[in-house]
Amino acid sequence: MSQIVLQMNNIMKIYPNGVVAVEDVTFELEKGEIHALLGENGAGKSTLMKVLFGIESPENGEIILEGTKVDIKSPLEAIKKGIGMVHQHFMLVPSLTVAENIVLGVEPKKNSLFTDEEKAIELSKEIAEKYNFEIDVREKVEELPVGLKQKVEILKALYRGADILILDEPTAVLTPQETKELFIQLKKLKEKGHTIIFISHKLDEIKEICDRATIMRNGKGMGTYQVKDISTAEMSKLMVGRDVVMEFDKKPVQLKETVMRVRDLCVTGTTGIRRIDGLSFDLKAGEILGIAGVEGNGQGHLVEVLTGLSDKYQGEISIFGKNAKEYSIRELRDSGMAHIPEDRMTLGCAKDMNILDNMFTNQYHKPEFSGRVLLKNKKLEEKAKELIKEYLVKCKSYKQNVGMLSGGNIQKVVVAREFSTDPKIIIANQPTRGIDVGAASFIRQRIIEFRDAGCAIILISADLNEVLELSDRLAVIYKGKFSGVFSNVKNIEEVELGKYMLGIKRDDNLEGIIYEQ
Amino acid sequence: MIVDAILSPEFLNAALRATTPILFAALASAIAAKSGVINMALEGILLFTALFGVIFSSAFQSAWLGLLVTMVMGGLIGFLLAFFVLRLKTDAILAAIAINLIADGATILILLAVSGDRGISSSINSIIIPRITLPIIENIPFIGAVLSNQNILTYVSLIMVVLVHIFLYKTPLGLQIRAVGENKDAAESVGISSDKIRYISLTISGVLASMGGFFLSGGYMTRFTTGMSAGRGFIALAASAMGGNTPIGSFLVSLLFGGAQAISNILQLGTLPHELVQMLPYATTLIGLGLYSYSKMKKRQRLTGK
């Protein structure tokens, strides 16, 4: 049992924008085990696996497969070496049949010219039967439910002879029944001698089917453990624990008027799953409402509807006493909403435009900066210089393209823009993710200043440091619902918080999340 | 009166003839689109190859040899478009517009250089592909009059519908083309080179279109005249899009547009102002596309409304 099939030693991966995604991680796989790779989103799990699968090349480190050092440059090489990966986003062609998807790229031929459809179906059936997958290989993939699509992905890997199977958060898209079924399949695969890497942040699932677990946090390895010897509490502590404690000067909270009122908010995702499931809360001027949670529990959808980016929701959102659906995004922003988006590169900035252009995308239309026809360029330049100075953006000049800056400085540009409009509500989604400590603490300090000045802030973060330090009230979101609410943030035990974040614990009584009925 | 005319075998015979160049180009568009690239250069390819057809058939004094070389040239232009798009990373639409604009000017220049004329290739003794009568079929009433006595290339275009269908749906390469067009990442994740597939698709697309181009000046007409593609490349794009980029669908919609072209040809002999009549094929395309988009929108609404 304890034959080692794979070793990844001292793997280091730094992305071109300077983010250290994986730092000196060592990972070891025994033949025939189901090995969990555990960590929060952004902890570096996926990156580590992309290195193994040849999608990313590491800056440092070695991969030893079956005792020989290998250099995997592309997914194709990985496949040839017996490594298969089931991506979180399926790599399937919807209009083709299951069989066609399985044989794609290695189609059996007839008369050396035509695709041998019968053979393809036969081979696909064979492999499906061998592993007890119940699936009609003649059906088109687009007509299959998600659970079956995933099976097609697994079969695809097996058809290509995968001994090591990487599953990237396989249960994220599945219903509980489908998950149960998947686990049965995985156990069968294990019996047949396949080795499985199971990427997840769901502790109960890992307890259920994994033999060992390697835990990652912030790109670093936190050790490998026998799953039966470690408690979920210990795992969650290793996974989300606090690194450094930072203290900020915070004046006592001074609540003012209610600026946002949300009742029974529901959002249904494109796959028909409820992403937000009956959220209610109030937000008053002068406070920071922290929303903690492992990523992917509805935070993104919540931000989308609160900021007006989407109006596909049920329930009620009122902002400054007016129904949110009555606002256009510009009206919402002009009335004082600022939004620091989760992903600065897609929603936060236009990377091929310069700093100045990026700093005024939300207010170039205001009389302060624009005449009837032409922009007031002098004004814009003055203001840009001012903001660069104030927010300590490291750059050559305001003419530099934003894409050339480091992650932290890009974030500062985004924050400078959002904060320069004198906002009354700030929705900050992961405002300090992936940026250096200095920039992060600068941004946090700013958030507190705004709160003290009477601004209402929603802070969404997977970073426990951040939410614990900044929040006046803290709600934990799990699967689209609040699993717990804390009015006294100072007294929260982080292990306790971890339990709420991972859904191990949940309160039905959410006292303090709404102020008045 | 018009209805009578439309249902006459003579008209349907003419409609099939008018469909031929559109059909070749629509099949060309379908293959390119299936691989995920819109081949908007079809118009330019039609025009170029219409001229090349005249030149090469005259040079070899053989219509078939001329056709063969023209097909190679069409393939080359398709390959060139692929090179711009895949290697040099030009926008596919911009590269195509460039090819179309060059075609406008270059064909006149080449024509002038070869024949000394800038409007029509009368002085070039080009050879055209002949019409043939189909034994047995020609004796069937009505159907014989419609199908028989067509240009050989018209029959080839109909056979091409079947061949392209088999190619796309029954061969490994066809499967890979469809996979690349639909989900490039999925295809690449199993080791298919999407660039290679697209080079192949666009080259084949160029070859198919060149057969339509050759037909224009060496069958449909007997001479090359400047600008003679007259928007057929764009009509073909619409035809293949409305036909769901399948060969059969492209064929059916091409028939509709070919029919409109034939009606316009007949009506020009009548009393209506000919500018109005000439608009017919284009107006049909516009209305057709409008109806198609509308039905798609309705379908989408039904799906999302659920």
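In segment A:156-173, how many are within 13 Å of chain B (Cβ to nearest Cβ) and either of a type outside the set (A, V, I, L, M) or assigned to a loop (DSSP other than H, G, I, E, B) (or both)?
Counting residues in segment A:156-173 that are within 13 Å of chain B (Cβ to nearest Cβ) and either of a type outside the set (A, V, I, L, M) or assigned to a loop (DSSP other than H, G, I, E, B) (or both) gives 6.
Looking only at segment A:61-97, count every residue that is among the polar types (S, T, N, Q) and modelled with pLDDT under 90 and tell me the total. Outline the logic, then answer.
Start the filter on segment A:61-97 by keeping residues that are among the polar types (S, T, N, Q), which leaves A:68, A:74, A:88, A:95, A:97.
The next check asks that each one be modelled with pLDDT under 90; those that pass are A:74, A:88.
Qualifying residue count for the region: 2.
Looking only at segment A:420-447, which residues are in contact (Cβ under 8 Å) with a residue 40 or more places away in the chain, assigned to a helix (DSSP H, G or I), within 26 Å of A:GLY298 (Cβ to Cβ) and of a type in the set (A, V, I, L, M, F, W, C)?
A:ILE447
Restricting attention to segment B:175-196, report how many residues are without any contact (Cβ under 8 Å) to a residue 40 or more places away in the chain and at the interface with chain A (Cβ under 9 Å from one of its Cβ atoms).
Residues that pass the stated criteria total 12.
Hey, A:ILE184 hits all of (1) buried (at least 18 other Cβ atoms within 10 Å of the Cβ); (2) outside any loop (DSSP other than H, G, I, E, B) but one; which does it fall short on?
Of everything listed in (1) buried (at least 18 other Cβ atoms within 10 Å of the Cβ); (2) outside any loop (DSSP other than H, G, I, E, B), A:ILE184 misses just condition (1).
Name the residue that is nearest to A:LYS50 (Cα to Cα), counting only residues in segment A:132-175 that are surrounded by 15 or more Cβ atoms within 10 Å (Cβ to Cβ) and of a type in the set (Ser, Thr, Tyr).
The residue in question is A:THR171.
Check B:PRO273 against each of (1) of a type outside the set (A, V, I, L, M); (2) closer than 22 Å to B:SER35 by Cα; (3) free of Cβ contacts under 8 Å to residues at least 12 places away in the same chain and name the one condition it does not meet.
Here B:PRO273 meets the rest and fails (2).
Got a sec? Which of A:VAL476, A:VAL467 is closer than 16 Å to A:GLU295 by Cα, in contact (Cβ under 8 Å) with a residue 12 or more places away in the chain, assigned to a strand (DSSP E or B) and among the β-branched types (Val, Ile, Thr)? Before you say what the answer is, go through the steps one by one.
Working: A:VAL467 fails: assigned to a strand (DSSP E or B).
Every option except A:VAL476 fails the conditions.
Give segment B:50-78 a look and list any residue that's within 15 Å of the chain's Cα centre (by Cα) and under 24 Å from B:ASP91 (Cβ atoms), or say none.
B:GLY74, B:GLY75, B:ILE77, B:GLY78
Checking the conditions here, which among A:GLU122, A:GLU178, A:GLU129 is away from chain B (no Cβ under 14 Å), surrounded by 17 or more Cβ atoms within 10 Å (Cβ to Cβ) and either in a helix (DSSP H, G or I) or on the phi > 0 side of the Ramachandran plot (or both)? Show your work before the answer.
Numbers: A:GLU122 fails: surrounded by 17 or more Cβ atoms within 10 Å (Cβ to Cβ); A:GLU129 fails: surrounded by 17 or more Cβ atoms within 10 Å (Cβ to Cβ).
Unique residue meeting the criteria: A:GLU178.
When you scan segment A:212-292 for strands (runs of 3 or more DSSP E) that lie fully inside it, which ones turn up with 2 or more residues that are more than 21 Å from the chain's Cα centre (by Cα)?
A:220-226, A:258-268, A:274-284
For segment A:110-117, indicate whether the set of residues that are in a loop (DSSP other than H, G, I, E, B), in contact with a strand residue (DSSP E or B) (Cβ under 9 Å, 6 or more places away or on another chain) and not aromatic (Phe, Trp, Tyr) is non-empty. Spell out how you get there, then give the answer.
Pass one, segment A:110-117, residues in a loop (DSSP other than H, G, I, E, B): A:111-113, A:116.
Imposing the further condition that a residue be in contact with a strand residue (DSSP E or B) (Cβ under 9 Å, 6 or more places away or on another chain) reduces the set to A:116.
In the following step, the residues that additionally are not aromatic (Phe, Trp, Tyr) were identified as A:116.
Yes - at least one qualifying residue is present in segment A:110-117.
Any idea which of (1) surrounded by 15 or more Cβ atoms within 10 Å (Cβ to Cβ); (2) touching a Ser or Thr at 6+ places or on another chain (Cβ under 9 Å); (3) assigned by TED's automatic domain parsing to the domain that holds A:ARG275; (4) not acidic (Asp, Glu) is the one A:ASN354 doesn't satisfy?
(3)
Residues in segment A:79-115 that are polar (S, T, N, Q), facing chain B (nearest Cβ under 7 Å) and closer than 17 Å to B:GLU188 by Cα: how many?
Of the residues in segment A:79-115, the ones polar (S, T, N, Q) are A:88, A:95, A:97, A:101, A:111-112, A:115.
If we keep only those that are facing chain B (nearest Cβ under 7 Å) as well, we get A:95, A:115.
When the remaining residues are screened for being closer than 17 Å to B:GLU188 by Cα, the result is A:95.
Selection size over segment A:79-115: 1.
Can you tell me which residues in segment A:1-21 are hydrophobic (A, V, I, L, M, F, W, C) and either modelled with pLDDT under 90 or over 24 Å from A:LEU405 (Cβ atoms) (or both)?
Restricting attention to segment A:1-21, the residues satisfying the condition of being hydrophobic (A, V, I, L, M, F, W, C) are A:1, A:4-6, A:8, A:11-12, A:14, A:19-21.
Listed by number, the residues that qualify are A:MET1, A:ILE4, A:VAL5, A:LEU6, A:MET8, A:ILE11, A:ILE14, A:VAL19, A:VAL20, A:ALA21.
From B:MET211, B:MET160, grab the single residue that is more than 10 Å from chain A (Cβ to nearest Cβ) and either buried (at least 24 other Cβ atoms within 10 Å of the Cβ) or more than 15 Å from the chain's Cα centre (by Cα) (or both). I'd like the intermediate steps shown before the answer.
Values: B:MET160 fails: either buried (at least 24 other Cβ atoms within 10 Å of the Cβ) or more than 15 Å from the chain's Cα centre (by Cα) (or both).
From the options B:MET211, B:MET160, the qualifying one is B:MET211.
Would you check if there is a residue in segment A:436-451 being of a type outside the set (Phe, Trp, Tyr), in contact with a strand residue (DSSP E or B) (Cβ under 7 Å, 6 or more places away or on another chain) and in the same structural domain as A:GLY296 (by TED's automatic domain parsing)?
Quick first cut of segment A:436-451, residues of a type outside the set (Phe, Trp, Tyr) only: A:436-441, A:443-449, A:451.
Next, from what is left, pick out any that are in contact with a strand residue (DSSP E or B) (Cβ under 7 Å, 6 or more places away or on another chain): A:447, A:451.
Add one more test, that the residue is in the same structural domain as A:GLY296 (by TED's automatic domain parsing), and what stays is A:447, A:451.
Within segment A:436-451, one or more residues are of a type outside the set (Phe, Trp, Tyr), in contact with a strand residue (DSSP E or B) (Cβ under 7 Å, 6 or more places away or on another chain) and in the same structural domain as A:GLY296 (by TED's automatic domain parsing).
Can you find a residue that is away from chain A (no Cβ under 14 Å), under 27 Å from B:LEU86 (Cβ atoms) and not in a helix (DSSP H, G or I) anywhere in segment B:264-277? First the steps, then the outcome.
Of the residues in segment B:264-277, the ones away from chain A (no Cβ under 14 Å) are B:264-277.
Narrowing further to those that are under 27 Å from B:LEU86 (Cβ atoms): none.
No, segment B:264-277 contains no residue that is away from chain A (no Cβ under 14 Å), under 27 Å from B:LEU86 (Cβ atoms) and not in a helix (DSSP H, G or I).
Quick one: which residue in A:GLY300, A:GLY296, A:GLY286, A:GLY315 is under 17 Å from A:CYS455 (Cβ atoms) and either out of contact with any Phe, Trp or Tyr (no Cβ under 6 Å at 6 or more places or on another chain) or modelled with pLDDT under 90 (or both)?
Working: A:GLY300 fails: under 17 Å from A:CYS455 (Cβ atoms); A:GLY296 fails: under 17 Å from A:CYS455 (Cβ atoms); A:GLY315 fails: under 17 Å from A:CYS455 (Cβ atoms).
Only one candidate passes the filter, namely A:GLY286.
Residues are listed down the side, and each one gets a yes or a no for (1) closer than 30 Å to B:LEU12 by Cα; (2) buried (at least 20 other Cβ atoms within 10 Å of the Cβ):
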site: B:VAL114; (1), (2): no, no
site: B:SER122; (1), (2): yes, no
site: B:ILE127; (1), (2): yes, yes
site: B:ALA145; (1), (2): yes, no
site: B:GLN176; (1), (2): no, yes
site: B:SER193; (1), (2): no, no
site: B:ILE197; (1), (2): no, yes
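Which residues, taken from segment A:140-154, are at pLDDT 90 or above and touching a helix residue (DSSP H, G or I) at 6+ places or on another chain (Cβ under 6 Å)?
Correct list: A:VAL141, A:VAL152.
Please find, among B:THR225, B:THR171, the residue that is farther than 19 Å from B:GLY36 by Cβ and of a type in the set (Ser, Thr, Tyr). So that I can check it myself, show each step before the final result.
Values: B:THR171 fails: farther than 19 Å from B:GLY36 by Cβ.
Only one candidate qualifies: B:THR225.
The values are calculated or read from the model by the stated rules, or taken from the named source; none is laboratory data. Values in this document were obtained by computation on a predicted structure and should not be read as measured data. FYI the Cβ positions are ideal-geometry reconstructions off the backbone, even for glycines, and counts take in every protein chain you see.
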